[in-house]
Amino acid sequence: MSSDEQWTRPEPGEGPAVVAGQPSPEQVIAGLRATSEGGSDLTQLLTPEGQRVHSPQFDPYVADIDGKALQDLYRDMVIVRRGDREANAMQRQGQLGIWVPLLGQEAAQVGSGRAMKPGDMAFPSYREHGVAYTRGVDFRELLGIFRCSDQGGWDFKKHGFHPYTIVIGNQVLNAAGYAMGQKFEGKVGDEDGQATVTYFGDGATSQGDVHEGFVWAAVYDAPVVFFCQNNQWAISEPTERQSRLPLYQRARGYGFPGIRVDGNDVLGCLAVTRWALEECRHGNGPVLIEAFTYRMDAHTTTDDPTRYRLSDELEEWKLKDPIERVRAYLARSGFADQAFFDEVDAEADRFAAELRDYCFNMPDPPPSRIFDNVYAEGNPLLDKQREEYLSYLAGFAETAGGH
């Protein structure tokens, strides 16, 4: 295999290797351009202008997406963005300790999240608020993590959505192990099989846990979709400073397929993830998806992106907004009118108001909360520590009462 985007050594019989295993200047430039612009291998079903692009390979995976279903995807993205913006504002007002924005990545998260079936499992990092929403997790339950009042209170088995992972890339290794368990328990092999999706950013691809996850999944044909949201920036490091090649091409070195999809195209993300999950369900092993998108806001609310990226780059990506292209397609196709868009905006405002009311009135957890959910069952040592700690705190109350 060879292309203007690939400078790795060719397959046996396909021609000589590049001298000394080094790319030519032209190949390096082509690889970097593909890393920052999408490249010719970008899978796209809906353009930034809201025009439908047909794909013989992936159209069958969105054949059920009619006007009503597309309205639902639009509603998902609008509500998720509104919740994200409200949480961002509440952090600025001191109600949350920190917030991790997802602005600009709604299509990647909603599209891939809606592709999953109830029996599947998602392993997120810390930015997958949209995936959580599609898996039925109450958005309000995310706030406790960033308010530092709990570790995430949802039932991850019920929702098929694991707790957030703060350690960069660690969830990829966990997901590979979980998917291996799905295979060992015979839950793959047909249309009713189960699969796992794990989410990580472009920066995480430089972490050892990610590569170990790739190795284990490849060796055991684990039914796991590695979903990389390439938002172009690992905090302040651009993707081209981490990889000479587009990230999806790394899958080839591990022996499983990799594909790049327009991460701002909700139809494309839905179709490609459905395809990848089907591959996994039928026992064909792991798949790497690189959702090519852009982080429109800061890495977190402690970050200032104006210190390391240019405003014209941000303005360029605003023209590729994932929500606006669906809105344009709905309007152009006659699937929605202004009344529909106004109703969705009103619903999103109500969602944000409820979120805000909940956050401002969220009770502080009792001190004993730190001992809850440490172990699945009772533990004598932990019980003793709880008793000693609560007794220690009670001593302060008694002293204050004495005065």
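The values are calculated or read from the model by the stated rules, or taken from the named source; none is laboratory data. The model shown is predicted, which means the values in this text are computed figures rather than measured ones. Here Cβ is always computed from backbone atoms with ideal geometry, including for glycine, and neighbour counts include all displayed protein chains.
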Inside segment 308-317, can you point out the residues that are part of a helix (DSSP H, G or I) and surrounded by 12 or more Cβ atoms within 10 Å (Cβ to Cβ)?
Glu313, Leu314, Trp317
Please find, among Val137, Val131, the residue that is among the β-branched types (Val, Ile, Thr), part of a loop (DSSP other than H, G, I, E, B), in the same structural domain as Arg81 (by TED's automatic domain parsing) and buried (at least 22 other Cβ atoms within 10 Å of the Cβ).
Val137
Yes or no: segment 265-286 includes at least one residue that is in contact with a Cys (Cβ under 9 Å, 6 or more places away or on another chain), aliphatic (A, V, I, L, M), under 27 Å from Val100 (Cα atoms) and buried (at least 24 other Cβ atoms within 10 Å of the Cβ).
no
Residue count for segment 134-172, restricted to those that are touching a residue at least 60 places away in the same chain (Cβ under 8 Å) and out of contact with any Phe, Trp or Tyr (no Cβ under 8 Å at 6 or more places or on another chain)
5
Mind checking whether some residue in segment 143-158 is of a type in the set (S, T, N, Q), assigned by TED's automatic domain parsing to the domain that holds Tyr126 and surrounded by 23 or more Cβ atoms within 10 Å (Cβ to Cβ)?
no
Within 27 Å of Pro367 (Cβ to Cβ), at pLDDT 95 or above and of a type in the set (S, T, N, Q) - does that describe any residue in segment 94-102?
yes
Cβ contacts < 6 Å: first residue at positive phi, restricted to segment 350-365; second residue modelled with pLDDT of 95 or more and charged (D, E, K, R), any location; separation 6+ or different chain. Result?
none
For Asp120, are the conditions met, namely being surrounded by fewer than 24 Cβ atoms within 10 Å (Cβ to Cβ), of a type in the set (Asp, Glu) and closer than 29 Å to Val188 by Cα?
yes
Tally, over segment 324-366, of residues that are part of a loop (DSSP other than H, G, I, E, B) and surrounded by fewer than 14 Cβ atoms within 10 Å (Cβ to Cβ):
6
Can Thr302 be described as in contact (Cβ under 8 Å) with a residue 40 or more places away in the chain, among the hydroxyl-bearing types (Ser, Thr, Tyr), closer than 23 Å to Leu102 by Cα and surrounded by 16 or more Cβ atoms within 10 Å (Cβ to Cβ)?
no
In the same structural domain as Arg281 (by TED's automatic domain parsing), touching a Gly at 6+ places or on another chain (Cβ under 7 Å), crowded, with 23+ Cβ neighbours inside 10 Å and of a type in the set (A, V, I, L, M): is that true of Ala175 in this structure?
yes
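For the condition under 22 Å from Asp265 (Cβ atoms), over 12 Å from the mean Cα position of the chain (by Cα) and not charged (D, E, K, R), what is the one hit in Ala107, Ala122, Ala115, Ala176?
Selected residue: Ala115, the only one of Ala107, Ala122, Ala115, Ala176 that is under 22 Å from Asp265 (Cβ atoms), over 12 Å from the mean Cα position of the chain (by Cα) and not charged (D, E, K, R).
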So Ile323, is it β-branched (Val, Ile, Thr), under 21 Å from Arg82 (Cβ atoms) and within 29 Å of the chain's Cα centre (by Cα)
yes
Just the residues that are in a loop (DSSP other than H, G, I, E, B) and touching a residue at least 40 places away in the same chain (Cβ under 8 Å), please, taken from segment 233-255.
Ile235, Ser236, Gln242, Ser243, Arg244, Leu245, Pro246
Verdict on Gln22 being out of contact with any Phe, Trp or Tyr (no Cβ under 6 Å at 6 or more places or on another chain), modelled with pLDDT of 55 or more and not assigned by TED's automatic domain parsing to the domain that holds Phe139:
yes
